[in-house]
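The values are calculated or read from the model by the stated rules, or taken from the named source; none is laboratory data. In this text the structure is predicted, and so the values were computed from the model without any measurement. Cβ coordinates were reconstructed from backbone atoms using ideal geometry, including for glycine residues, and neighbour counts include every protein chain displayed.
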Amino acid sequence: MDTHKDVHVAAVIDEQGKILDVSSINATARGYRELLVWLQSFGELTKVGVEGTGSYGAGLARHLAAEGVEIVEVNRPNHQAVDARRIPTQSMPKRPPGRL
């Protein structure tokens, strides 16, 4: 989960690291519930990586943990270092918030 103040971006990744789908959700209790349903629609949910569990991702991490989902803290990337090295990144399609 790439977490932000108002919207979080989620990607479902399989065991081989292939991105199955990407979606944006509103950073609200309703958005968290919709996200969990969407994630579970891909099959067994083993764990979720959440960026910023101490800040913008805190509410999401608490919600998922309360539902029995294992949370893995994901470190925020250093965007300046990536830009300086000009490493290409895989662009992910974006959907409007709340559209799962």
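Does the range 42-60 hold any residues that are closer than 18 Å to ASP14 by Cβ and either modelled with pLDDT of 95 or more or surrounded by 12 or more Cβ atoms within 10 Å (Cβ to Cβ) (or both), and which are they?
Answer for the range 42-60, where residues must be closer than 18 Å to ASP14 by Cβ and either modelled with pLDDT of 95 or more or surrounded by 12 or more Cβ atoms within 10 Å (Cβ to Cβ) (or both): PHE42, LEU45, VAL48, GLY49.
When residues of the range 32-56 are filtered for being more than 13 Å from GLU70 (Cβ to Cβ) and among the charged types (D, E, K, R), how many remain?
Qualifying residue count, the range 32-56: 3.
Quick check: is even one residue across the range 16-31 part of a strand (DSSP E or B), more than 18 Å from VAL69 (Cβ to Cβ) and more than 11 Å from the chain's Cα centre (by Cα)?
There is at least one residue in the range 16-31 that is part of a strand (DSSP E or B), more than 18 Å from VAL69 (Cβ to Cβ) and more than 11 Å from the chain's Cα centre (by Cα).
When you scan the range 61-80, how many residues do you find that are over 20 Å from ARG33 (Cα atoms), at pLDDT 80 or above and either polar (S, T, N, Q) or over 13 Å from the mean Cα position of the chain (by Cα) (or both)?
So the count comes out to 1.
For the range 11-48, enumerate the residues that are in contact with an Asp or Glu (Cβ under 8 Å, 6 or more places away or on another chain) and either without any contact (Cβ under 8 Å) to a residue 60 or more places away in the chain or under 22 Å from ASN75 (Cβ atoms) (or both).
ALA11, VAL12, LEU20, ILE25, ALA27, LEU36, PHE42, THR46, LYS47, VAL48
What's the number of the condition GLU34 fails, among (1) in a helix (DSSP H, G or I); (2) surrounded by 14 or more Cβ atoms within 10 Å (Cβ to Cβ); (3) in contact with a helix residue (DSSP H, G or I) (Cβ under 9 Å, 6 or more places away or on another chain); (4) charged (D, E, K, R)?
(3)
I'd like the full set of residues that are touching a residue at least 40 places away in the same chain (Cβ under 8 Å) and of a type in the set (A, V, I, L, M), limited to the range 1-10.
MET1, VAL7, VAL9 - these are the residues of the range 1-10 that are touching a residue at least 40 places away in the same chain (Cβ under 8 Å) and of a type in the set (A, V, I, L, M).
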